[in-house]
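Every number in this text was worked out from the coordinates using simple rules, so none of it is lab data. These numbers were taken from a predicted model, which means no experiment stands behind them. With ideal geometry, Cβ positions are generated from the backbone for all residues, glycine too; neighbour counts draw on all protein chains shown.
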Amino acid sequence: MNEFELIAKTFMGLEPVLAKELTQLGANNVQIGRRMVSFTGDKEMMYRANFQLHTAIRILKPIAKFKARSADEVYEEVKKIDWSKYIEKGKTFSVDSVVYSEEFRNSRFVTYKVKDAIVDQFRENTGTRPNISVSNPDIRLNIHIAEADATLSLDSSGESLHRRGYRQESVEAPLNEVLAAGMILMTGWRGETDFIDPMCGSGTLLVEAALIAHNMSPGIFRKEFAFEKWPDFDAELFDTIYNDDTQEREFTHHIYGYDIDMKAVNTARLNVRAAGLSKDITIENADFKDFTQPKEKSLLVVNPPYGERISTPNLLNTYKMIGERLKHAFMGNEAWVLSYREECFEAIGLKPSIKIPVYNGSLECEFRKYAIFDGTMKDFRQEGGIVKTEDEKRQMAEKHRFKKNREFKKRLDEEEENAESDIRSFKFHSIERRKQNDDRRGGNERKSRDRFDRDDKDFKGKGFKGKGFGDKGGKSFGKGSRYGKSERKRSNRDFDNED
């Protein structure tokens, strides 16, 4: 197949992680930009990037680049493109705009100009015009303008890729799935030890950790991708990609989540069950202050309250408690903490071995690693302890890039932020569950229900009978297949989440 340019969008701070994912996926000419990574690949690579990448928000396929210093120039350049190649008769389209330019202060005005150019071309050539659909268009377009440089792209993803499809309910200030996956990948953890999130909220870190441990494609839960509506969509090729699970691996350790709020615990359990991962994840109602030393070597990743979106009484005392528990009940392990305020980190009272800047929405945060060991740093090194891996050193070097781009915070496009990260939707809400018994393409009988049926049976009326922090509780181990891989069919990917 012919290769073409592609752009993978992500959060500020995750670009190196995404670039590494793309390289491992086999992409060519991988180049890191701001909140994006450009690369080249063929149609198969575009499908795989959407389906398999953990840290991409969306995958764009540029179709035109031009200079534009006024709205009229945008209109004229867009109208030069033969849109009949991309939008078939009777199809709908939408336009998203991202603008960083003194010439274009309103991104919506740019959106209207692109729309007008396309509609006018169809009307002049055919006498008819395509319709606009904001909620569910057949073709999604994206125009990005930086000063006078404009790039017009086809959006191959559609709904933001952070919307995996397993989240049934949420809690206040949920962690974005892409950011959660990026954090885990930054730690270097791939399932070699147990994983602990002592303030798990709706369970995002837990589910993303399980996907990474099993090397499962996060797109497995998605109902559809935008490229499936393109005129040149290759259904057979995508079926092959979807049903290829050769890269998946067995996970022989376990993932533990805890939260002081029983509502969050129930929400996390529901989301884990919807993902079919209850065998790998145990969730308990517990306070981090009661944390005890894990019996197995473990990695701890936690996203405590920042005091920004959630009012937290005694915020600094919470961080002080985190540091105290890590010092006394996590010896010989690694802990990673994401937070926003320097005074919160200081309250932990431990010296981090690495600080990685990342953006959680518009908040410039840091993701810090704490190697918990007994004795001095010198003794720890002499015994073979590693404080910073080579990857971590490279990631830490990225912090200088943030200092040059602090104006990003002020120029953040609010519409794009809402669309991509969804961090401003903080109300506890329940998403209406889709009826997913039939295949969305024709009502084929479901054949991949095994792991979801088992999750339903394990979950109903039983609960989790864990014994508290550090214990294995009632978890089940098994070296057999987690689900009937040989029976899994793409036509049955609309998973049941029935009560």
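Computed values, structure above
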{"item": "For region 182-308, size of Cβ-based charge dipole, Lys and Arg +1, Asp and Glu -1, in debye", "result": "420"}
{"item": "Of the GluC sites (Glu not before Pro) in region 175-220, those whose Cβ has at most 14 other Cβ within 10 Å and which sit in DSSP loop", "result": "192"}
{"item": "Exposure proxy ranking, count of Cβ atoms within 10 Å, fewest first, for 200, 344", "result": "344, 200"}
{"item": "Too-long pairs where the Cα-Cα distance tops 23 Å, listed order kept, from 61/115; 289/351; 9/85; 65/223; 20/61", "result": "9/85; 65/223"}
{"item": "Most to least packed among 74-80, 248-254 [average Cβ atoms within 10 Å]", "result": "74-80, 248-254"}
{"item": "Cα centroid separation - region 175-236 against region 15-66, whole Å", "result": "16"}
{"item": "J(HN,Hα) series, region 219-229, from Karplus relation 6.51 cos²θ - 1.76 cosθ + 1.60, nearest Hz, glycine and proline x", "result": "x, 4, 8, 5, 6, 6, 10, 4, 5, 5, 9"}
